[in-house]
1. Return only the number of the condition from (1) on the phi > 0 side of the Ramachandran plot; (2) of a type outside the set (A, V, I, L, M, F, W, C); (3) at pLDDT 95 or above that Pro286 does not satisfy.
2. Show the residue pairs meeting these rules: Cβ distance below 6 Å; 6+ apart or different chains; first residue within region 81-106 and over 17 Å from Ala48 (Cα atoms) and in contact (Cβ under 8 Å) with a residue 12 or more places away in the chain; second residue among the small types (Gly, Ala, Ser) and surrounded by fewer than 18 Cβ atoms within 10 Å (Cβ to Cβ).
3. Output yes when any residue across region 275-287 is of a type in the set (A, V, I, L, M, F, W, C) and under 16 Å from Gly183 (Cα atoms), and no when none is.
4. Here are some residues: Ala196, Ala213. Which one is within 18 Å of Thr265 (Cα to Cα) and of a type in the set (A, V, I, L, M, F, W, C)?
5. Can you tell me how many residues in region 246-263 are under 12 Å from Leu291 (Cα atoms) and either touching a Lys or Arg at 6+ places or on another chain (Cβ under 6 Å) or in contact (Cβ under 8 Å) with a residue 60 or more places away in the chain (or both)?
6. Please work out which residue is surrounded by the most Cβ atoms within 10 Å (Cβ to Cβ), limiting yourself to region 130-146 and to residues that are touching a residue at least 12 places away in the same chain (Cβ under 8 Å) and assigned to a loop (DSSP other than H, G, I, E, B).
7. Considering only residues that are surrounded by fewer than 17 Cβ atoms within 10 Å (Cβ to Cβ) and not aliphatic (A, V, I, L, M), which ones fall in region 264-281?
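The values are calculated or read from the model by the stated rules, or taken from the named source; none is laboratory data. Owing to the predicted nature of the structure, the values given are computational and were not obtained by experimental measurement. Here the Cβ is made from the backbone with ideal geometry for all residues, glycine too, and neighbour counts use every protein chain on show.
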Amino acid sequence: MADHLDRTSGWSVGGTLRGVTETAREGIGWTRVTLTVGGATGPTDAAAEFGAAVLWGAGAAGVEERDSAEDDGLVLLGGFADPADAARAVARAAELGLVASMEPITDDGLDAWREWAVAERAGRFWITPPWVEAPAIGAGEQILWIDPGRTFGSGSHPTTRLVLALLDDLVSPGATVLDVGCGSGVLAIGAALCGAATAVATDIDPASPGVVAANADRNQVAHLVRTTTDPVAVLAARGERYDLVLANLLAPVIAELGADLVRSTAPGGALVISGLLADRWEAALPAVAPLAARRVASEDGWVAVLLR
């Protein structure tokens with residue numbers, strides 16, 4: 001799913017970091033899978049999303065999009081900590097008629113984006129990296145300090161900003177919030193700053209809890225944010241229900257997790273799904289039925305949908 005760096009260096013989905021583990025810091029080798037989508041007539045958004053889903057499904061820690069230098073196609077680069085997963089992605093791509101190859105990564109480039117990082121506006125928040133000077137803020141505005149480390153969630157992608165901008169209207173004092181696929185915890189922390197009594201941040205990336213905890217402490221809401229790597233299916237099976245569930249994920253992931261997202265939403269509560277393309281977001285609605293869309297916010301070809 002995806003928060004992102006707008007196609008600078010670093011693993012990204014539509015431009016953001018996603019779930020790269022501590023193994024990168026320790027110098028353990030990574031493998032890159034290169035997958036080509038489209039051709040002379042150019043790629044479609046659906047084809048690009050399908051190709052990315054193949055990489056995510058095989059266990060990619062991140063996916064980056066690049067324009068092809070040879071034609072009007074699109075090149076998807078997936079980073080894998082385990083070469084076996086990379087090989088599985090190549091094999092799956094071949095089964096589907098896609099062209100893919102793999103090679104070892106000698107330079108992960110995971111920190112190159114930091115040189116160009118800036119504060120990003122999202123509703124009442126200015127999402128600001130700790131090494132960047134905080135912008136001057138006006139009445140009702142607030143700094144949200146986020147360092148994604150090696151996880152998804154710099155706050156720069158439109159899907160993240162769209163969801164953050166909705167929080168002021170959705171988080172009532174004392175509300176309980178679940179952030180699914182939380183990455184750096186930007187949405188859970190934003191919810192806590194908006195008055196949530198508890199914000200649970202879950203991500204299967206083992207690097208996520210430590211990053212979320214550090215960011216929660218940086219924003220002085222560590223006592224309100226709980227981290228876990230339990231999948232949403234496990235939380236739902238335990239009967240955990242939340243006033244507000246946030247799922248900034250890709251469409252294939254929302255399709256897969258839809259029933260558990262609904263089960264995690266308390267009666268009378270709300271679900272926000274994002275990571276959806278503006279021209280096909282309605283295709284995600286059957287996965288989260290019987291909840292119905294009440295509001296659609298859009299930016300740069302992406303949407304966030306509020307359902308009740």
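1. (1)
2. Qualifying pairs under 6 Å: Asp85/Gly59; Pro104/Gly29.
3. There is no residue in region 275-287 that is of a type in the set (A, V, I, L, M, F, W, C) and under 16 Å from Gly183 (Cα atoms).
4. Ala196
5. 1
6. Top of the filtered list is Ile146.
7. Once the filter is applied, which keeps residues that are surrounded by fewer than 17 Cβ atoms within 10 Å (Cβ to Cβ) and not aliphatic (A, V, I, L, M), region 264-281 yields Pro267, Gly268, Asp279, Arg280.
Condition check ((1) modelled with pLDDT of 75 or more; (2) under 19 Å from Leu277 (Cβ atoms)) across all residues:
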{"residue": "Val37", "(1), (2)": "yes, yes"}
{"residue": "Thr44", "(1), (2)": "no, yes"}
{"residue": "Ala47", "(1), (2)": "yes, yes"}
{"residue": "Val54", "(1), (2)": "yes, yes"}
{"residue": "Ala69", "(1), (2)": "no, no"}
{"residue": "Leu77", "(1), (2)": "yes, no"}
{"residue": "Ala84", "(1), (2)": "yes, no"}
